[in-house]
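Values quoted throughout were computed directly from the atomic coordinates according to the rules given, and no laboratory measurement underlies them. All values reported here derive from a predicted model rather than from experimental measurement. A quick note on method: Cβ atoms are made from the backbone with ideal geometry, for glycine too, and the neighbour counts reach across all protein chains shown.
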Amino acid sequence: MQRRWRVGATAAIAAAALLTGLAGVARAQTGQPVIASVELTGVVDPIIADHITSVIQRANGDHDAAVLLTIDTPGGLGSSMDQIDEAILNSSVPVIGYVAPSGARAASAGAFVLMSCPVAAMAPGTNVGASTPIGLSGGDLANKVTNDAAASMRKLAQTYGRNPDVAESFVTSATSITAQEAYDQGVIEYLAASRDDLLAQVDGEMVTLANGTTVTMRTAGAAIEEEPLGGFFGFLHTLLDPDLAFIFFWLGLGLVILELIVPGHIFSGTLGTILLILAFVSFGVLPVRIIGIALLVLSVVAFILELKAPGFGVWGVTAIIALLLGGWFLYDRAGGVEVSPGVLVGVAVFAGLFFGLVVVKALSLRHTPPAQLRPIVGADGIAIAPIGPNGGLVRVSAEEWQAVSHGNRIREGTPIHVTSIDGLVLTVEAITGEHAPAGQRAPASEGGNPA
């Protein structure tokens with residue numbers, strides 16, 4: 001089997017190499033220029049940085065005419081930004097940075113990426129800037145870090161003969177300017193309403209790369225090869241979204257609290273933990289502010305206090321206000337990263353309903369006096385899913401219950417007897433034939449005398 005796998009893998013690699021070689025021959029025969037097109041959308045994270053870097057390296061290996069990098073980002077990790085910038089600055093194939101479509105932005109790390117491109121262009125209705133480095137505290141980092149970022153931005157602008165003062169203001173003053181202002185002030189070279197318009201303008205122009213070499217652009221009639229991120233990595237990249245991180249935080253928190261209040265819901269506790277992990281991973285990439293985290297923690301504490309002393313609503317109101325303020329101040333808004341107002345209000349409404357209705361109801365059932373639950377203990381029912389020490393499902397008194405069995409595993413369809421209850425989880429045992437009630441008694445064996 002292992003030998004077959006190796007033979008198959010070798011054949012697949014050989015076929016891929018053959019197809020690549022045929023594609024290269026076809027390019028050489030037609031003489032048609034090829035442009036690799038890749039997008040920088042969403043947060044600048046290691047996933048998108050690796051993808052863009054690999055596309056640029058592949059374009060260099062294939063001697064493509066250019067790489068078209070379409071940008072729409074609020075910013076992200078400085079290390080990922082540096083990775084992209086390094087790939088662009090060391091590329092022998094010119095990279096065209098294009099902020100598009102209308103409404104897009106190249107904020108924070110995105111502005112650095114645009115400035116590192118030998119060709120910088122923007123669509124009408126877009127903006128660039130707001131690149132002041134932000135730390136977890138929400139304020140500027142140490143002066144030397146800010147000064148270093150400002151010097152880097154100025155150097156990038158000077159490399160390509162752009163306006164260094166305006167570019168530096170992106171860092172020192174968190175300036176953000178429109179596409180028309182960027183063009184008028186010499187920050188970008190082209191204004192283009194569409195990709196075709198941009199490629200038509202660039203064709204035939206002399207472009208100086210970061211290493212000082214000059215390249216004549218051949219973009220007219222070029223074949224555009226799209227380089228998408230891919231399904232799995234695209235999904236992971238999508239998870240690093242400011243709105244999703246905020247939603248995951250609260251949904252995960254709610255599910256974990258539900259598991260703590262009403263034990264036995266293994267699925268809810270596991271899912272809640274996973275969502276919280278994803279939220280904190282996103283928080284590690286996004287420009288999170290500590291004041292936002294503190295307010296969100298305060299909202300959780302206030303919700304719990306409201307559950308301990310219901311009726312007045314003071315802690316509930318405090319929790320909602322802290323939640324709204326926490327979401328509003330969670331990210332550095334100067335960098336363009338924020339929780340959208342619709343998502344913020346929606347999560348606040350969900351949190352209020354969840355803690356005010358679902359959790360309160362679960363708590364009331366949890367603390368129901370034993371006398372009210374006594375009819376369940378001693379009742380009979382039937383297993384509707386296999387039951388073991390880790391749980392199962394039964395039907396008792398026309399209702400479905402979570403159940404566990406400390407004896408042998410109980411099969412689906414077996415009559416059961418409730419021996420005790422813990423919260424909303426029943427402990428049951430199988431009913432044997434001789435102990436079954438009249439309605440569930442096993443039939444007499446064949447050949448037996450009738451009663």
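To the nearest 20 debye, what charge dipole does region 157-230 have about its Cα centre, counting +1 at the Cβ of each Lys and Arg and -1 at the Cβ of each Asp and Glu? Present the calculation step by step, with values, prior to reporting the outcome.
Numbers: 3 positive and 12 negative charges, 35 e Å.
Using Cβ point charges on Lys, Arg, Asp and Glu, region 157-230 gives about 160 debye.
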Could you point to the residue in Thr214, Val171, Gln201 farthest towards the positive end of region 166-228's charge dipole, with +1 and -1 charges on the Cβ of Lys/Arg and Asp/Glu respectively?
Thr214
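Within 10 Å, count the other beta carbons around each residue, average over each peptide in 48-57, 188-197, and list them highest first.
48-57, 188-197
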Over region 144-235, how many percent of alpha carbon pairs lie in each 5 Å bin up to the one with the longest distance?
2, 12, 14, 16, 16, 16, 15, 7, 1, 0
When ranked by the protection proxy of mean other Cβ atoms within 10 Å per residue, highest first, what sequence do the peptides 409-416, 284-291 form?
284-291, 409-416
Contact order relative to length for region 195-257, counting C-alpha pairs under 8 Å separated by 6 or more residues, stands in percent at 20 percent
For region 205-250, what class follows from the C-alpha gyration tensor (a ≥ b ≥ c being the square roots of its eigenvalues): rounded when a/c is under 1.5, otherwise prolate if a/b is larger than b/c, else oblate?
prolate
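Based on the Cα gyration tensor of region 179-280, what are the three equivalent ellipsoid semi-axes, each the root of five times an eigenvalue, rounded to whole Å and given largest first? Mind dumping the intermediate values first?
Numbers: eigenvalues 510, 54, 29 Å².
Semi-axes from the Cα gyration tensor: 51, 16, 12 Å.
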Under-5 Å amide H pairs with Thr219, H placed in peptide plane, nonlocal only:
Asp203, Gly204
